[in-house]
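Contents: one structure, followed by commentary.
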Amino acid sequence: MKSFLTTLVLLLLAEFSYAQYTEVINSRRPGYSDSPYSVGTKVYQVEAGLFYKNVGGYLYYDPILEETFDYSASSFGSDITFRTGQFFEQLEFLLDMAIVSESRDYTRPDEVSESAFGFSKLTLGAKYMVYKPKYTDKTKEIRSWEARHSFDKRRLIPAVGVYAGLNTNLLTELHKNQEGISPRFGLYTQNDLSNRLIVLLNFIADKAFTNEAENSYIITVTYTLAEKWSIFGENQGFYRKNVPNDYQFGAGGAYLINPNMQADFSGRMIFDERGDNTYIIGGGISWRLDKHKDKIIVGKTDNNEEGAAKEKKSFLNTITFGLFAGGKSSNNGKMRDVKSSKVKTRDIEAPVNKKAQKARKKQNDRLVKEQKQKEKAQKKYNKKSEND
């Protein structure tokens, strides 16, 4: 048992070498999917936006009341997410909330109207990246154009992250879960198919173990058009116990204002088995307070190389993570392992052989002594010549 725990700790420590920090903001907005990557330690991030939602016809069965309800609704509100990375580079804590003003018009079982203002969502959670793939750096390939531009099959292996959260029930009467608080679980993957194209796939179990449980998938494709512009397309499917399945399609884009701020816009339509015409439009801002401290990876180096490679991040990856990762693009600039600093080197003289040094000193002393003897003999000869 002890050896097992030791091995587990070592594996976790090995994983901790993967840093999630990016040079530009990594936002989840405006998509609904999420990336397995975290924002990085000591980064404090706020993602907020405004939205308008129109529900054409929502049908569900209440197993507790044993009645079927049908309503149309309109709502205006703000969705806000607080994110921070703490303790480990792979670990992120999140607070997701939405504040809405909503009006509903029921047609079944009775014709009645209701309205509410307050939280429609308030969820606490944590995300951890369990695997990050490594890709070949083809920028160093200079002998073959084909090899430099060929597709790296390892990019088909995704980065993987897991999520666990708790849906609180501090919500309006229109949005409360009759069974109280409930758990939320997620499995997130990301494939960086190129430096511009990123695919995210999420599998989510929400309100698990309750009558309102819903399982869903989200697939998001993001593409970086230019240094500061990224676009995305997204499809989401919902599978519920007491509600007909529905499918949502969304699209939008993001603009990088500066390394710590991003603006976004999006729109989406929802299609279900009832022929519903629900749509959502919105936009928002993501901003971060960056207190991240770089790590230095020390390794073999010479005067022409850095001890640790510094992976340049682009807006594309940033957005992929977020923009359209569930938000945003993953960085629609690549994620990097760590900010690395160049390791300075200096020449160090080889250790001196003491025996050789002693022999050289002895030889020098002998030569000096012989020179002095010659000079003394010369002076004696010169003096004798003067007396003669």
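The values are calculated or read from the model by the stated rules, or taken from the named source; none is laboratory data. Predicted model only: the values in this text are computed from it and were never measured. Neighbour counts are summed over all protein chains in view; Cβ atoms, including those assigned to glycine, are modelled from backbone coordinates with ideal geometry.
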Open item on the list: Taking the conditions exactly as written (in contact with a Gly (Cβ under 7 Å, 6 or more places away or on another chain) and touching a residue at least 24 places away in the same chain (Cβ under 8 Å)), does Ser101 satisfy them or not?
Closed with: yes
- [ ] Please identify the pairs in which a residue from the range 186-212 that is within 24 Å of Gly233 (Cβ to Cβ) and in the same structural domain as Pro133 (by TED's automatic domain parsing) has its Cβ atom under 6 Å from the Cβ atom of a residue that is of a type in the set (D, E, K, R) and in a strand (DSSP E or B), counting only partners at least 6 apart or on another chain.
- [x] Ile198/Asp192; Asp206/Arg184; Asp206/Glu214
Task: Residue that is surrounded by the fewest Cβ atoms within 10 Å (Cβ to Cβ) [pool: residues in the range 104-143 that are more than 30 Å from Asn169 (Cα to Cα) and among the polar types (S, T, N, Q)] - done: Thr139
Open item on the list: I need a count of the residues in the range 70-91 that are over 36 Å from the mean Cα position of the chain (by Cα) and within 23 Å of Asn167 (Cα to Cα).
Closed with: 0
Task: Condition check for Gln45: buried (at least 20 other Cβ atoms within 10 Å of the Cβ) and modelled with pLDDT of 90 or more - done: yes
Open item on the list: I'd like to check something: does the range 141-154 contain any residue that is of a type in the set (S, T, N, Q) and touching a strand residue (DSSP E or B) at 6+ places or on another chain (Cβ under 9 Å)?
Closed with: no
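Could you tell me which residue of the range 60-69 is farthest from Phe271 (Cα to Cα), considering only residues that are outside any loop (DSSP other than H, G, I, E, B) and over 37 Å from the mean Cα position of the chain (by Cα)?
Going residue by residue through the range 60-69, those that are outside any loop (DSSP other than H, G, I, E, B) are 60-62, 67-69.
Keeping just the survivors that are over 37 Å from the mean Cα position of the chain (by Cα) gives 61-62, 67-69.
Numbers: Tyr61: 19, Asp62: 21, Glu67: 23, Thr68: 20, Phe69: 18 Å.
Filtering first and then ranking leaves Glu67.
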